[in-house]
Amino acid sequence: MITVSAERFDELVRHALDDLPEDLAEAMENVVVIVEASAQGRPLYGLYEGVPLTKRGPLSYGGVLPDRITIFQDTISAHCRDESELADRVRTTVIHEVAHHFGLSDRRLEELGWA
């Protein structure tokens, strides 16, 4: 387990988002990324909540709150030995959850090695 400040963890998440390919980052729409300590009673690294871009339509999607990607600091930190491993796990988790925003399923992410 590694412990870093909330500020440092937020920085790792920002770096992971900044490292997304520019065209993907620009295509993200109506989504917010936040950090929380943990998912109450669930051992999750991250969670996507919302309507994937592939499911949105001009008549079925409007006036809604932003989609939400939550990255769970304590859960990720508990499974990492050092900051390098932590940064890698944060990056993988951010990519995984952003992929859900674009409509990729857990099954497809597993096939691609991002599960």
Only listed residue being under 13 Å from Gln73 (Cβ atoms) and charged (D, E, K, R), chosen from Asp23, Asp10: Asp10
Confirm whether Leu47 is of a type in the set (A, V, I, L, M, F, W, C), at negative phi and modelled with pLDDT under 90. no
Residues that are touching a Leu at 6+ places or on another chain (Cβ under 8 Å) and either farther than 19 Å from Pro43 by Cα or among the acidic types (Asp, Glu) (or both): does the stretch 76-97 have at least one? yes
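The values are calculated or read from the model by the stated rules, or taken from the named source; none is laboratory data. Being a predicted model, the structure only gives us computed values, none of them experimental. Here the Cβ is made from the backbone with ideal geometry for all residues, glycine too, and neighbour counts use every protein chain on show.
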